[in-house]
Each structure stands twice: as structure tokens, then as C-alpha cells.
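The block underneath contains the structure these notes are about, expressed in C-alpha cells.
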Amino acid sequence: MFVPSIILAYALIRTIGPNGTVDLLLNSVGLPKLRTPYLTPWGPVIGLVWDNLPLTVLMLTAGLSSISNSAVEAARDVGARPFRVFISIILPRMGNSLLVTASFAVLGIFSAFTLPYVLGSASPEMMGPFMQRTFADMNDPLDAMTQAVITFGFCLVFGIFYIRSIARNREAQL
């Protein structure tokens, strides 16, 4: 379920890259060659979604399992439609799981270096490679440090959301 990003990048290249599995399957049924998202701005997006999907699904499924069926059935018994059940019953009880999931996804995307570097275009513009390029290629350590501090501040906000969520859970258990 959880695969190192370098292996994931190689699998994506072999699947959606030029002459990859998707391309070969399309060609075998007589369809035209697929324009690959590999080495475009969509390459890292597809890779990061594929990388973060298992953990996201796992955490959201755990959040859904904490919702009692009796609350959903009670809402249905009084005539609530599925959208109203989702808005009034499921979403409020999933708030903590959604917050933790969003925090993990954002922090994971900001910490990703390998996937954007391997799957992106010749000069990937995600923060990790961008800071590295600013520091090494442009020889501008001050700008690289400024970028790092701003990135750290942004990640700090999501880290605080996560810590507050954990603290609220512990208070509720007491």
C-alpha cells in the first residue's frame, strides 16, 4: 500500500510514460499514441495524488467507521435525503478526520522531493526542487532561506491544525 517514491516514479514512467503500458495497450487496439503527461506539470500532480491516495483513503475510512449507523438510520427515518444526511450527520463527525487528512496531505506534498524531481519537467517548480535550484544553480542562499522560512510557516499552520486536532481527541477521551 505504501511504496517509496522513487519506485512509484519509475512505475508511473513505465505506465504513462512514452512507450509505457497505456501507450502499448492503446496502440494494440489501433488507437492513436497517447500524449504523455510525463515531464509536464501534470506529471508530479498525478504522482503525488497516486502517492497520497492510500493514506488518505485509510484515514477517511477510519473516520467513517466511527460514525454510528443508528445516527444515519435515524436521519433517514425522519425523511432526510442522502445529501442532508451527509451534511448534517456524516460531515460534522468527520471534521477531525478531514482535518488530519488534509494536514498529512499538505505536509506530504511540501516534503515531496523525489517525485516532482523525477516526474516533472526539466525544471520542476515544486518547493523542494525550487529551493534546491535557487540555492545551488542560482547561487542565491538568501532567497533559498527565505523560501524555506515561508514554506516552514505555511507547514507550521497545518502542523498546528493537526496538533490541535489530536489534543481535542485526547480531551474528549478523558
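Here, each number is a calculation from the coordinates, and none is a lab measurement. These numbers come from a predicted model, not from an experiment. Here Cβ is always computed from backbone atoms with ideal geometry, including for glycine, and neighbour counts include all displayed protein chains.
Over segment 31-123, with a single point scatterer placed on each C-alpha, what log10 of the ratio I(q)/I(0) does the Debye formula yield at q = 0.11, 0.14, 0.23 1/Å?
-0.51, -0.68, -1.07
What's the long-distance tail for segment 1-62, i.e. % of Cα pairs beyond 18 Å?
In whole percent, the long-distance tail amounts to 44.
For the chain, set up a Gaussian network in which alpha carbons nearer than 10 Å are linked by springs, and say which option among Gly43, Gly153, Gly30 fluctuates the most.
Looking only at Gly43, Gly153, Gly30, the largest GNM fluctuation is found for Gly30.
For the chain, take the longest principal axis of its alpha carbons; what is the angle in degrees between that and the long axis of helix 5-16, to the nearest 10 within 0 to 90?
80
For the chain, build the charge dipole from Cβ charges (+1 Lys, Arg; -1 Asp, Glu) around the Cα centre, then report which of Val78, Gly128, Thr15 sits farthest towards its positive end.
Of Val78, Gly128, Thr15, it is Val78.
[x] 0.95; [y] 1.10; [z] 1.36: which one is Cα Rg over 2.2 N^0.38 Å as calculated from this entry?
[z]
About the Cα centre of the chain, what is the dipole size in debye to 20, counting +1 per Lys and Arg Cβ and -1 per Asp and Glu Cβ, all else neutral?
Working: 11 positive and 9 negative charges, 109 e Å.
In total the dipole reaches around 520 debye.
Relative to the compact globular guide of 2.2 N^0.38 Å, what is the alpha carbon radius of gyration of segment 72-174, as a ratio?
So segment 72-174 has a normalised radius of gyration of 1.60.
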